[in-house]
Amino acid sequence: MSTTLAVVIGSPRAASIHRQLAEVAAAVAPEDVTVSIVDGLDRLPFYNEDIDTLPAPAPVQQLRDQLGAADAVLLLAPANNGTLSAVLKNAIDWASRPYGESSLSGKPVAVSSAAHNTSTVVDHTHLAVTIAGGKPIAEASATFSLKDLDGVDVTGHAPIADSLRETVQALVNAADERVAA
């Protein structure tokens, strides 16, 4: 069975460690998994019900289409002031709409973060995802301390690759279970 995994980069910065983590996640995904990298979250307008219309703004529709086509979602969540980034939260808000048609609805979602306080970032992201209709898989969250990553080549670091491989596999397993149910 082929699985499509959307990997959402929660930082718009070109040199973001979360962008590097997305590259690693894509590289370690099993051969039968199609990885769709979702970036450009900074092109989404701030969520505003006044502009939540049909047709949706083009960047919003692209986000909804990518998430809607995915069997599972990996959110790469940087920390901004101790919580998830504004661009990631905004993307979750847009994905949750229109009401009753969330593109995250029922999908397994894992959150991975490289931050100083990853547990808060992961918890806050899980809360937003749950309200948006996704099914967070807490045990699949791969977290990395920024202190431990100082000076590390993220894309060539075996422990990071192993953690993300486990995360991706847990998402694939959860997606397969969802289809089989």
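The values are calculated or read from the model by the stated rules, or taken from the named source; none is laboratory data. Keep in mind it's a predicted model, so treat the numbers as computed, not measured. Heads up, the Cβs are rebuilt from the backbone with ideal geometry, glycines too, and the neighbour counts pull from every protein chain shown. Ligands, DNA and RNA are stripped out before the accessible areas are found, and what is left, the full protein with its side chains, is counted by its heavy atoms. Shrake-Rupley method; radii C 1.70, N 1.55, O 1.52, S 1.80 Å.
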Only residues of region 138-179 count here: report those whose backbone N is under 12 Å from the spot 7 Å along Cα→Cβ of H116, or say none. 146-147
Sticking to Cα atoms, compute the Rg of region 1-154 to one decimal and its Dmax as the biggest Cα-Cα distance, whole number, in Å. 14.7, 46
So for the chain, taking the charge dipole from beta-carbon charges (+1 Lys/Arg, -1 Asp/Glu), which of A56, V168, N117 sits furthest toward the positive end? A56
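For region 58-119, how big is Rg over Rh, using alpha carbon atoms and the Kirkwood form of Rh? Please list the in-between numbers first.
On the way: Rg = 12.3 Å, Rh = 12.4 Å.
On the Cα set of region 58-119, Rg over Rh gives 0.99.
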Cα-based reach from K135 at 28 Å (exclusive), listing lysines while leaving out same-chain residues under 8 positions away: K89, K107
For F144, list long-range residues whose amide hydrogen, built 1.01 Å from N in the peptide plane, is under 5 Å from its own amide hydrogen. S113, A114, A115
Amide H neighbours of I37 at under 5 Å, excluding residues fewer than 5 places away on the same chain, with H built from the backbone geometry, are V7
Rounded if a/c under 1.5, otherwise prolate or oblate - region 112-180, Cα gyration tensor axes: oblate
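With a 1.4 Å probe and every protein chain left in place, work out the accessible area per residue of region 30-101 in Å², rounded to a whole number.
Values: 3730 Å² over 72 residues.
About 52 Å² of surface per residue is accessible.
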Need the C-alpha centroid separation for region 52-85 versus region 137-181, integer Å. 19 Å
DSSP loop (so not H, G, I, E, B), at most 10 other Cβ within 10 Å: list which chymotrypsin sites (Phe, Trp or Tyr not before Pro) in region 78-168 pass both filters. Y99
Could you work out the helix-only [θ] at 222 nm for the chain, with each DSSP H run of four or more residues adding -39,500 (n - 2.57) and the total divided by the number of residues, to the nearest 500 deg cm²/dmol? -13000 deg cm²/dmol
Region 1-97: GluC sites (Glu not before Pro) in DSSP loop, at most 15 other beta carbons within 10 Å: E31
J(HN,Hα) series, region 67-81, from Karplus relation 6.51 cos²θ - 1.76 cosθ + 1.60, nearest Hz, glycine and proline x: 5, x, 7, 7, 8, 8, 9, 10, 9, 9, 10, x, 9, 10, 6
Most mobile of A138, A26, A95 per a Gaussian network model of the chain (Cα springs, under 10 Å)? A138
